[in-house]
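First the structure, in the form of structure tokens, and then the observations on it.
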Amino acid sequence: MTIKVAIADDHAIVISGIKSVLERNHGVQVTGEASNGRQLIELARKRPADVYVLDIAMPVMNGLDAARELLASDKKARIIILSMMDDRSTVERALDIGAKGYLVKESAPAEIAVAVDAVFRGQTYITPSVAAMLAENPSGSRKAGRGGTRLTNRERVIIQLIAEGLSNKEIAVRLKLSTNTVHTHRNNISRKLNIHKQTDLVRYAIREKIAKI
């Protein structure tokens, strides 16, 4: 099966480089190129891709707004953010919107093919340096999830699947449970860990080595 990828970046040389790396891999085809987020939205309407790779800093419409609009029209859109920015607030905004991958441009040539494959398969891929940063609690913040919290094996599996970006319904299908049961598990996990945001749960999964990110 061919993985169709659309790329949005306002630098043609970046698109050319990503395209060159991706198309060395059999089964990957770049089917759309855009220089801003609005162009990408229009491309997606005419010719949907399996994975979208978006820069953040683009004219007309930035990558985060484009990701938000893509996901509003297609909740299953698989999005990788590719950016020069690696600060916590920007990364967390991207993940909160629903991006499944985050790469910094300096490491993209070595990681983009792996990231596209992982995100296509429903996993989350975050540049290791960014993942390490997310795993650290901010100075002075509460230490969510620490202090000998006991999770069941089932809860750990569900945390892993949540961190990989699966919805309650998809987790229910994967584990052969009812959606209500998964919802109950999520509530129990949030209560035990005192974690209520997706990005905080991803951070916990990375830190505790529950998710293979």
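In table form, for the structure just shown:
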{"quantity": "Loop trypsin sites (Lys or Arg not before Pro), region 4-68, which have at most 16 other Cβ atoms in a 10 Å radius of their Cβ (DSSP)", "calculated": "R24"}
{"quantity": "Computed [θ] at 222 nm, deg cm²/dmol, the chain (DSSP H ≥ 4; -39,500 (n - 2.57); rounded to nearest 500)", "calculated": "-15000 deg cm²/dmol"}
{"quantity": "Two-site FRET efficiency, R121 against M84, from Cβ-Cβ distance with R₀ of 25 Å, rounded to 0.05", "calculated": "0.40"}
{"quantity": "Degrees, to the nearest 10: 37-46 long Cα axis against longest axis of the chain", "calculated": "90"}
{"quantity": "The chain - Debye-derived log10 I(q)/I(0), Cα point model, q = 0.12, 0.18 Å⁻¹", "calculated": "-0.62, -1.25"}
{"quantity": "Separation between Cα centres of region 1-22 and region 59-77, rounded to whole Å", "calculated": "17"}
{"quantity": "Percent of beta bridges antiparallel (DSSP, the chain, rounded to nearest 5)", "calculated": "0"}
{"quantity": "Between region 162-186 and region 90-122, the Cα center-to-center distance that results, in Å", "calculated": "23"}
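Throughout, read-outs are computed from the coordinates displayed, never taken from laboratory work. Being a predicted model, the structure only gives us computed values, none of them experimental. Neighbour counts run over all protein chains shown; Cβ positions are idealised from the backbone, glycine included.
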